[in-house]
Structure formats: C-alpha cells, structure tokens
Amino acid sequence: QIQVVESGGGLVQSGGSLRLSCAASGIGASIDSMGWFRQAPGKQRKLVADIVSSGTTNYADSVKGRFTISRDNAKNTVYLQMNDLKPEDTAVYYCCVDVHYNRYWGQGTQVTVSS
C-alpha cells in the first residue's frame, strides 16, 4: 500500500524555524511532483509550495523568501524548510504526492507559531 507520512511539526515562537519532512512509500512508478498544502481552522486548504522531478519549484507569495522546498528522488522524500515563521503560518500542513493521474495525501502535521 502507498503511504505518505509527514513529520517535523510542532510549536515554535515567532521568528523561529521548523523543517517538515514527508516520505512516500509503496510507489513503484516515478513521482511527478510533491508539494505542501496548509489549512487553517475555518479556511480552505491552500498550496504552500511544490516541486517537480526536474527540481523546478513554485511558492505561494506569502512564503517566498522564507520557505524552501526540496526533494530527494532516491528516497521519495520532500522537505519544507520554514524560516522566520509568523503567527499567520499556523495551520495543519499536508504533504501531497502526485503519481501520473493519482494524488495521495499525508495525514497532516500541526504547525503552531506563537507570539
């Protein structure tokens, strides 16, 4: 079975940093793209950043210059380095993995930024 597992969330003060990891397993075919979405209470889930197999990246305007997405194709793992965190970054962060016509989601990891 295909599994998508996130880790690295937690509580951090404003201005701090966190690094999220997402590992996909049970996927035989090449992964087309991997990305991160976030959802705050009462709001829609929105794209934070994504990355295709070639390495090309895309970021939401609100996180440009602060967040960096990267991937290790050999490990089927994607990372999100989050620096200079702000209270408005507080949300559940979800990993998304696209394989051909299928999309797979992780369970989500909570990121809370205080102050």
Ignoring ligands, DNA and RNA, please state the percent of accessible area on the chain from carbon and sulfur, probe 1.4 Å.
45
Using alpha-carbon positions, what is the distance between the centroids of region 46-115 and region 1-39, in Å?
7
Suppose R0 equals 25 Å; then what is the FRET efficiency for S17 and H100 from their Cβ-Cβ distance, rounded to the nearest 0.05?
0.15
Would you mind calculating the relative contact order of the chain from Cα pairs under 8 angstrom and at least 6 residues apart, reporting the percent as a whole number?
36
Dipole of the chain (Lys/Arg Cβ +1, Asp/Glu Cβ -1, origin at the Cα centre): which of F37, V113, A24 lies farthest to the positive side?
V113
Which residues qualify? For G16, with a placed amide H closer than 5 Å and at least 5 residues away or on another chain, they are L85
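Mean shadow of region 26-87, computed from the convex hull of its alpha carbons, in nm²? Working shown, then result.
Numbers: hull surface 21.1 nm².
The number I arrive at for region 26-87 is 5.3 nm².
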If the rule is a partner Cβ under 4.7 Å, which cysteines in the chain fail it?
C96
Net charge contributed by nearby residues that have their C-beta within less than 12 Å of A49 (K/R +1, D/E -1)
+3
Rounded to the nearest 0.05, FRET efficiency between D84 and D61 (Cβ-Cβ, R0 22 Å) equals 0.90
Taking region 54-102, the equivalent ellipsoid from its C-alpha gyration tensor has semi-axes in Å, biggest first, of 22, 13, 11
Per residue of region 52-64, in order, report the coupling 6.51 cos²θ - 1.76 cosθ + 1.60 (Karplus, θ = phi - 60°) as ³J(HN,Hα) in whole Hz, putting x for Gly and Pro.
8, 4, 6, x, 5, 10, 9, 10, 5, 4, 5, 10, 4
Under 19 Å, Cα to Cα: Lys pairs in the chain, sequence gap 8 or more or different chains:
4
For T68, put the label point 7 Å out on the Cα→Cβ axis and report which residues of region 1-37 keep their amide N under 11 Å from it.
none
Could you tell me the relative contact order of region 35-97? Use alpha-carbon pairs under 8 Å, at least six residues apart, and round to a whole percent.
37
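The values are calculated or read from the model by the stated rules, or taken from the named source; none is laboratory data. The structure displayed is predicted, hence computed values, not measured ones. Using ideal geometry, Cβ is built from the backbone for each residue, glycine included, and neighbour counts are taken over all protein chains shown. Areas reflect the complete protein model, heavy atoms only, side chains present, ligands, DNA and RNA absent. Shrake-Rupley method; radii C 1.70, N 1.55, O 1.52, S 1.80 Å.
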